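**Student:** My questions will all concern the structure given below.
The values are calculated or read from the model by the stated rules, or taken from the named source; none is laboratory data. Values in this document were obtained by computation on a predicted structure and should not be read as measured data. We place every Cβ from the backbone using ideal geometry, glycine too, and count neighbours over all the protein chains shown. The accessibility values were calculated without ligands, DNA or RNA, using every heavy atom of the protein model including side chains. Shrake-Rupley method; radii C 1.70, N 1.55, O 1.52, S 1.80 Å.
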Amino acid sequence: ASLRAAFTKLTTGPLDATAAARKDLVAFGSAFGERTVGGAVLAKAWAAAWANHLTFTDPFVATVAPSGTTGWVIADVVLDKKTHKVRFRVLFVFDKDADGAGSLVHVHFATTA
């Protein structure tokens, strides 16, 4: 439940403070060679282009690793930019922060037809 909550919260708001401070957070985009390194860089781009612009096209899958501290979400989403819409399949990897909440550690975006 906390993994689903972390993902849902992320789609409607900013990166959490722990993720935004991570220097090792890596996001792979859908374009060739598109990569963002560092939570602060992704936090800025996320707030500007992604937060509050996503809708789910199907129920998403959330899985927790046997460790209980790491989990991932795979979802089909639509990025709605008013002038155009782009379908993506996203993979978000979370790890528990000091408070036990899911904090983003890795992202991968892939466009879909």
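**Student:** Given springs between every Cα pair under 10 Å in a Gaussian network model of the chain, which of LYS96, LYS85, LYS44 has the largest fluctuation?
**Tutor:** LYS85
**Student:** Roughly how many debye, to the nearest 20, is the charge dipole of the stretch 66-113 about its Cα centre, given +1 on each Lys and Arg Cβ, -1 on each Asp and Glu Cβ, and no other charges?
**Tutor:** Working: 6 positive and 5 negative charges, 79 e Å.
Magnitude of the dipole: close to 380 debye.
**Student:** May I pose another question? Under 10 Å, Cα contacts only: if you run a Gaussian network model on the chain, which one of ALA65, ALA75, ALA43 comes out with the highest mean-square fluctuation?
**Tutor:** The residue with the greatest mean-square fluctuation here is ALA65.
**Student:** Another one. Straight distance only, please: which lysines reach the Cα of LYS96 with their own Cα at less than 29 Å, same-chain residues fewer than 8 apart left out?
**Tutor:** The qualifying lysines are LYS9, LYS23, LYS44.
**Student:** Okay, moving on. Looking at the stretch 1-62, which chymotrypsin sites (Phe, Trp or Tyr not before Pro) are DSSP coil and have at most 10 other C-beta atoms within 10 Å of their C-beta?
**Tutor:** Listed in order of number, the matching sites are PHE32.
**Student:** What does the charge dipole of the stretch 25-113 about its Cα centre add up to, to the nearest 20 debye, if the Cβ of each Lys and Arg holds +1 and the Cβ of each Asp and Glu holds -1?
**Tutor:** Around 340 debye, computed over the stretch 25-113.
**Student:** Please work out the ratio of the alpha-carbon Rg of the stretch 1-60 to 2.2 N^0.38 Å and round it to two decimals.
**Tutor:** 1.16
**Student:** ASP99 to LYS9: extension gain in nm, 0.36 nm per residue of separation minus the Cα-Cα distance? Walk me through the numbers before you get to the answer.
**Tutor:** Working: separation 90, 0.36 × 90 = 32.40 nm, distance 1.60 nm.
Result: 30.8 nm gained on full extension.
**Student:** Solvent-accessible area of THR18, probe 1.4 Å, all protein chains present, reported in Å² to the nearest ten, please.
**Tutor:** 60 Å²
**Student:** While we're here: Kindly express, to the nearest 10 degrees and within the range 0 to 90, the angle between helix 2-12's C-alpha long axis and the longest C-alpha principal axis of the chain.
**Tutor:** Approximately 40 degrees, to the nearest ten.
**Student:** Which value in nm describes the separation of the simple spin-label points at ASP24 and THR70, placed 7 Å from the Cα toward the beta carbon?
**Tutor:** 1.0 nm
**Student:** Further question on the same structure: Report for the chain the percent antiparallel among DSSP-assigned beta bridges with both residues inside it, nearest 5.
**Tutor:** Roughly 90 percent of the beta bridges in the chain run antiparallel, per DSSP.
**Student:** Can I ask one more? With springs connecting C-alpha atoms under 10 Å apart, model the chain as a Gaussian network and identify which of ASP97, ASP16, ASP58 has the largest mean-square fluctuation.
**Tutor:** Per the Cα network of the chain with a 10 Å cutoff, ASP58 tops the list.
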